[in-house]
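No value in this document is a laboratory result; all are computed from the given coordinates. Because the structure is a prediction, the values reported are computed rather than measured. Cβ coordinates were reconstructed from backbone atoms using ideal geometry, including for glycine residues, and neighbour counts include every protein chain displayed.
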Amino acid sequence: MERGRVASARHRGTHPWWLLAAALASIFIIGQQARAQTAGLQAAAPAGLGLTIATHGTAQGVPACVSCHGTQGQGNAAAGFPRLAGLSVAYLVGQLDAFASGQRQNPVMHPFAKALTPSERIAVAAYFSQLPAPVAVPPIDDATIEPTNAGAWLANRGRWLAGLPACAQCHGPGGIGVGATFPPLAGQSAAYIASQLHAFQAGTRPPGPLGLMHMVAGKLSEADITAVSTYYGGLGHPVAARANVHGDGQ
């Protein structure tokens, strides 16, 4: 009996590692398929179509994307609209498809995304992907992070005893993003990041491969969400990022 309890505890302790490894393997396959599909649709999209949709909307009533997401796709933190500039084509197309189908629930984006054709989604995604992203923040040495700095600690070291991997394990050092499945977190507003963590908790946003984000978000308290969102929200600004990492600023 004792041996069984030890084995069970050991299995529970290693479960996040196995889950993460399996997720990364499946994400690689999904990413390859998404890139191949996107390349074909992108080639068929008329030149200049993405710019037209982004800046003028469509004849079917879709408004200009820049009216909410900013003239350079930088987002609008005060209104909760995310940055689109510099995100991958495959990621943006995947989100537009999810909005259109209702898998990602959003009363504003659902009718707009649904009114766009597949080629239009590819075109506008390609346009925003080519806009400049915020300046990347150099990776940090996570050994310098103090446990009292909850946001930086969760982002870079996680909470493995609770089965919570570090955000950086999937989203990359400094929140730069990895492929089409793990988007950049740096440069998004704290309010937007928090809203998406709540959406993962509530199931109103698809959880990704193996349900990874539903599991991760479900282990976060409100204090955790505030801390990690504030941390990544500051990484779009190098001065704020250094303060967030080392705990010497707000």
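Taking amide H as placed 1.01 Å from N in the peptide plane, the amide H of Gly236 sits under 5 Å from that of Gly187, each at least 5 places away or on another chain.
Note on region 142-246: dipole from Cβ charges, positive end direction compared against Leu164, Tyr231, Ser221; the farthest Cα belongs to Leu164. Karplus-based coupling profile of region 147-161, in residue order and whole Hz: x, 6, 8, 4, x, 5, 5, 4, 5, 9, 10, x, 9, 5, 5, with θ = phi - 60° in 6.51 cos²θ - 1.76 cosθ + 1.60 and x standing for Gly or Pro. Backbone amide hydrogens, once placed in the peptide plane, bring Arg159 within less than 5 Å of Leu164, Ala166, excluding anything fewer than 5 places away on its chain. Put in line by how crowded their Cβ is, counting other Cβ atoms within 10 Å and starting with the fewest, His56, His214 read His56, His214.
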